[in-house]
Structures are given as C-alpha cells and as structure tokens.
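Student: Before I ask anything, let me first share the structure, which is written out below as structure tokens.
We did not get these values from a lab; they are worked out from the coordinates using the rules stated. It should be emphasised that the depicted structure is a prediction, and the values quoted were computed from it without experimental measurement. Here the Cβ is made from the backbone with ideal geometry for all residues, glycine too, and neighbour counts use every protein chain on show.
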Amino acid sequence: MSLYPNNLSQYFGKDLEAMSFAKNYHKWLMDEFYPYLGSSVAEIGAGIGNFSRLILETQIKSLKAFEPSKNMYPLLKKALSQDKRAEAINGFFSVVDTEEGFDSVLYVNVLEHIKDDVSELAKVHSALKFNGHLLIFVPALSWLYSDLDKQLGHFRRYKKED
C-alpha cells in the first residue's frame, strides 16, 4: 500500500503559483529553519522550487529536492539547473536515495498531502544523520479542515500536539 495518494503523480500546483509571489512568507520560514539546515539538505515535495531557491541562497553543500508530480518536476529541474549543489529528483523520498544521510529534511506545506504521515516520518528519521533535524511546516488548526483542504489534496491539518 502506498503512503501517497494516487493524485500526486499529477499535481496542478495552482497553489504553488499563487505562493510564488509570497516572498516574505518564504523568507520568514527560511529564517526559522536556517539555524538547523546543516550542509546536506533534502526537501520533500519541492514543487516548482520556490523554497528550494531560498535554501540555495544559504551556505549548504548539497540539496536533493524530491518532487513526485510529473508535471511539476520539469519546472523544479529548470529552477535548480544553474546550481551544481542542487539535484532535482522526480519521485518520492526514499532512504536508498542517500548513503551518508542528511543534516536536515524539510517539509514545507507537504506532509498534509501524505496519507500515512507517521510511516513517512519514520522513513525520513532513518535518513537523518546523528543530531540531524526534521523541519516541518504544515497547516494548523485541525478544526478548520474544510472542503478547500480536500480539494487541495490535504488529508489533515495539525494541532500543536501532533
């Protein structure tokens, strides 16, 4: 059984287009994540590279950006093509994608799209280096879950306890 919904192979990304203009939003997230990045980073569900480009403005040594959507991947690959530290991967995260592990793994508005988030996080945990960091940003306030969330492919919103 797959951890991911079938519709992720074709993700239309209208929300990603809209968020591409939210520069201050992305910079705020980067300010929060920056102290924990380390040198080797994985970004899960990198979309069209909005956040990936901010990661590459830091002093990291490598970025593996995973994007399972067949139609988003070419845009991500193009966005990262000028930086030798970056690798765009058209697929889901897999522990076999790294031999040495990552200093940090990021999910920015992605984990809510994964049906079995607990199994996903267990898999990622095993790919982190000792003292590595899992950096997650997700929609909050589970009581706000609505038809819009469903239309966007969200399985849930999160409470602080989650």
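Student: With label points built 7 Å along Cα→Cβ from the Cα atoms of E100 and K78, find their separation and express it in nm.
Tutor: 3.1 nm
Student: If you don't mind, there's one more thing I want to ask. With r as the distance between the Cβ atoms of N24 and S126 and R0 = 35 Å, compute the FRET efficiency 1/(1 + (r/R0)^6) and round to 0.05. It would help to have the intermediate numbers written out before the result.
Tutor: Values: r = 35 Å, r/R0 = 0.99.
Plugging the Cβ-Cβ distance into 1/(1 + (r/R0)^6) gives 0.50.
Student: Considering only DSSP states other than H, G, I, E and B, which GluC sites (Glu not before Pro) in region 54-131 qualify as loop sites with at most 15 other Cβ atoms within 10 Å?
Tutor: Values: sites: E57, E87, E99, E100, E112, E120; in loops: E57, E99, E100.
Those that pass, being in a loop and sparsely packed, are E57, E99, E100.
Student: Using the Cβ atoms and a cut-off under 14 Å, what net charge is assigned to the surroundings of K115, where Lys and Arg are +1 and Asp and Glu are -1? Working shown, then result.
Tutor: Details: positive: K123, K150, R156; negative: E112, D116, D117, E120, D149.
Result for the local shell: -2.
Student: Starting from the Cα of Y34, step 7 Å along the direction of its Cβ; do the same at K160; then give the gap between the two resulting points in nm.
Tutor: 2.6 nm
Student: Anything over 19 Å Cα to Cα? Flag those among K61/K129; K64/K84; K84/K129; K115/K150, in the order listed.
Tutor: Numbers: K61/K129 15 Å; K64/K84 11 Å; K84/K129 22 Å; K115/K150 12 Å.
The pairs that break the limit, which is 19 Å between Cα atoms, are K84/K129.
Student: Compute the signed sum of charges (Lys and Arg +1, Asp and Glu -1) over the other residues within less than 14 Å, Cβ to Cβ, of Q82. Walk me through the intermediate numbers first.
Tutor: On the way: positive: R53, K77, K78, K84, R85; negative: E57, D83, E87.
Around Q82, the charge tally is +2.
Student: Which residue, chosen from N109, S119, P68, occupies the Cα position most advanced towards the positive end of the dipole of region 55-155, where the dipole is computed from +1 (Lys, Arg) and -1 (Asp, Glu) charges on Cβ about the Cα centre?
Tutor: Of the listed residues, the answer is P68.
Student: Out of every Cα-Cα pair in region 106-162, what percent are more than 16 Å apart? Show your work: numbers first, answer last.
Tutor: Working: 730 of 1596 pairs.
I get 46 percent for the Cα pairs in region 106-162 exceeding 16 Å.
Student: Rounded to whole Å and sorted largest first, what semi-axes of the equivalent ellipsoid does the C-alpha gyration tensor of region 31-95 yield via the square root of 5 times each eigenvalue? Present the calculation step by step, with values, prior to reporting the outcome.
Tutor: Numbers: eigenvalues 69, 30, 21 Å².
After scaling each eigenvalue by five and taking roots: 19, 12, 10 Å.
Student: A follow-up question, please. Over the Cα atoms, compute the radius of gyration (one decimal) and Dmax (the largest Cα-Cα distance, rounded to a whole number) for region 46-162, in Å.
Tutor: Using the Cα atoms of region 46-162, the pair Rg, Dmax is 14.8, 43 Å.
Student: Distance between Cα centroids, region 67-128 to region 22-53: provide it in whole Å.
Tutor: 12 Å
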